[in-house]
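Novice: Quick one: this structure, given as structure tokens, is what I'll be asking you about.
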Amino acid sequence: YWRAYREWTQGLADEMRAAGFGFDDYVVEVLDEPIQPGAGWHEEAVEAYRQTRLAVPKMRLAVTEGEREYFEDLFPYVDLWIFKFFCYGDPTIEGYAKRMRDAGKEVSMYACYTSPRQSGHRYYRQLVWKAAAWGSDFVTLYQLFDRSVGYEATLRMATYGGVAFWTDGGIVPSVRLKA
């Protein structure tokens, strides 16, 4: 399957090139919040980055989180590391970010949460200031937008769902999105 994966990665690079994008115009996130080591997942995650780098050496690669468990093994392959915002003030993680910058790589700080009960001040307002103080190249905010499939997307479940909801009449924003 690694051969198939490498060929798929090369196909992705070919499609991006055909669309007019050079390697400096995009970054590929191979893993989003990789799970902690165990049951072979750590080795598989590292191998995915290694195989991607083998398949398309100039492709810029990113990872979101996974810092303590994955940093040392992924550092040689990753061009952009997107750290969680609660890493701010953690000397170990800040050391990882410094190593990335010192190596000419990029760092970002992100927040990702789906509960409308979260603190808007801590989550939305402080994120950009923490990222700036930390020296992030940019800041990333991820948010869940539910689709009209299944129980999780009903308005009754808004306290557990996304910031907006698809309905037959269009998108209904949550109070948090309006705020």
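Novice: Report the accessible area of M16, computed with a 1.4 Å probe over the heavy atoms of all protein chains in place, in Å² rounded to the nearest 10.
Specialist: The accessible area of M16 comes to roughly 50 Å².
Novice: Order F85, F138, most accessible first, counting only protein heavy atoms with a 1.4 angstrom probe.
Specialist: F138, F85
Novice: Related question: Determine the per residue accessible area of the range 57-100 with all protein chains present and a 1.4 angstrom probe, expressed in square angstrom.
Specialist: Here the per-residue accessible area is 41 Å².
Novice: While we're looking at this one, here's another question. Would you mind classifying the range 1-98 by shape? Square roots of the alpha carbon gyration tensor eigenvalues, ordered a ≥ b ≥ c; an a/c under 1.5 is rounded, otherwise it is prolate if a/b is larger than b/c and oblate if not.
Specialist: Oblate shape, in that a/c is at least 1.5 and b/c is the bigger or equal ratio.
Novice: Also: What aspartates and glutamates sit close enough to K98 to cross-link, taking a C-alpha to C-alpha distance under 19 Å and skipping anything fewer than 8 places away on the same chain?
Specialist: Qualifying aspartates and glutamates at Cα under 19 Å: E65, E67, E69, E72, D73, D79, D90, E106, D137.
Novice: Moving on. Keeping all protein chains in place and using 1.4 angstrom, which order do E72, E33 fall into by accessible surface area, from largest down?
Specialist: E72, E33
The values are calculated or read from the model by the stated rules, or taken from the named source; none is laboratory data. Not measured: the values here are computed from a predicted model. Surface accessibility is based on the protein's heavy atoms, side chains included, excluding ligands, DNA and RNA. Shrake-Rupley method; radii C 1.70, N 1.55, O 1.52, S 1.80 Å.
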